[in-house]
Structure formats: structure tokens, C-alpha cells
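The values are calculated or read from the model by the stated rules, or taken from the named source; none is laboratory data. Note that the structure is predicted; figures quoted are calculated from it, not measured. Cβ sites come from the backbone with ideal geometry, for glycine too, and all protein chains shown count toward neighbours.
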């Protein structure tokens, strides 16, 4: 699984706030929710849909926590994302969360803040590139976080590929920057651009 998005002095709550804020900026800046995304068959709306659909079930089944629902992604992708981001931040800011555990047959027992950090915050971070590229916005990601994720995932590449959650690795130049290498590793073509309307 992905390594946590972390720095030596930050907490899962702080990391979620920073990463979610970055995604929120792209959500708020999106003007065409039907624009194609770098994931085959997805639109910009589907990037948000993915995040607001998989994580609540993961949290509910593994920790018995049900996040409050927001509007549907089809009706209001901005509102759907904001509702989830706010709910996850409130959960991480609650001191009681530190003592909870998420149980999953694939991951074992993981302290809840660490599980959110490792599996969800990392996913939001990587999908920020997808949404930014789909909607023509700033796609710059924090290079230190890119490097940490890449270092955590490369040793378990075979496991990640076999999970079906990652496409085939896209080769990039050996001297590519760390963001480009991360994007290629997770199966995105860094050269991908939305098709030009004719």
C-alpha cells in the first residue's frame, strides 16, 4: 500500500488539511466537469466521485465510522468534495480519533489516523494531478511528498500492480523530476493532455 504523506513534524490532521486544501483549490477552479481526465474513461467529475465514493465505505467497514453525507457528485461536485473534506478533517481533529483502529483484511489493524494518512490522504494527493491536468490548472505537487510516496511504493510495485488499482508504469526519462516519475509510476502518462475540441 502507499506510504504515508508525512514530514517529521506534521500530524495526519495537518497533512490532510494541506493536501485537501490543494485538491479543494483545483475543485473550486474547475469549469468543465465533463472534461476528460488522465484516467481512461474518467472525467474531471469522476476524479471527485472516486474519492467521495471509495473512502466512506472503507472507513465504515474498517472502523465503524459513517461520515456525514453531502450532495451527490452529479448534482454538486464542489459541495460533495467540501462535505467530505470537512468531515475527514473534523474526524482527524477529534482527540478521540487517536485511540481508534481501522481493521481491514488486507492491511491488518492500523491506528485510524495513520490509516487515513496512508491510504486516503496519499490518494487525494495523487489525484490532485489528475484533476489539475483535466481542468487546465496548476498541477504542481509538493516534491518532497512525491519523493516519499515514490520511495514507499517502488519496493512494493508488484503488489500494487496486482491490486488492480494502478495501471502499467509509464516510462519517463531517467533524469525526469520526481513529480513526473511519480505520475509515470502510478500509470499516468505525464504527456497526456485533454483532447482539443474541434
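Listed by first and then second residue, the pairs linking a residue in region 12-34 that is in a helix (DSSP H, G or I) to a residue that is loosely packed, with under 15 Cβ neighbours inside 10 Å, with Cβ atoms under 6 Å apart and 6 or more places separating them unless they lie on different chains, are 13/93. One residue alone among 80, 85, 98 is within 18 Å of residue 59 (Cα to Cα), at pLDDT below 95 and touching a helix residue (DSSP H, G or I) at 6+ places or on another chain (Cβ under 7 Å), and that residue is 98. Scanning region 161-191 for residues that are in contact (Cβ under 8 Å) with a residue 40 or more places away in the chain and buried (at least 17 other Cβ atoms within 10 Å of the Cβ) yields 179, 182, 183, 186, 188.
Out of curiosity, is residue 44 under 22 Å from residue 187 (Cα atoms), modelled with pLDDT of 95 or more and surrounded by 19 or more Cβ atoms within 10 Å (Cβ to Cβ)?
Working: under 22 Å from residue 187 (Cα atoms): yes; modelled with pLDDT of 95 or more: yes; surrounded by 19 or more Cβ atoms within 10 Å (Cβ to Cβ): yes.
It is true that residue 44 is under 22 Å from residue 187 (Cα atoms), modelled with pLDDT of 95 or more and surrounded by 19 or more Cβ atoms within 10 Å (Cβ to Cβ).
Considering region 105-198, the qualifying helices (runs of 4 or more DSSP H), each wholly inside and each with 3 or more residues that are under 17 Å from the mean Cα position of the chain (by Cα), run over 112-115, 122-135, 143-153, 178-185.
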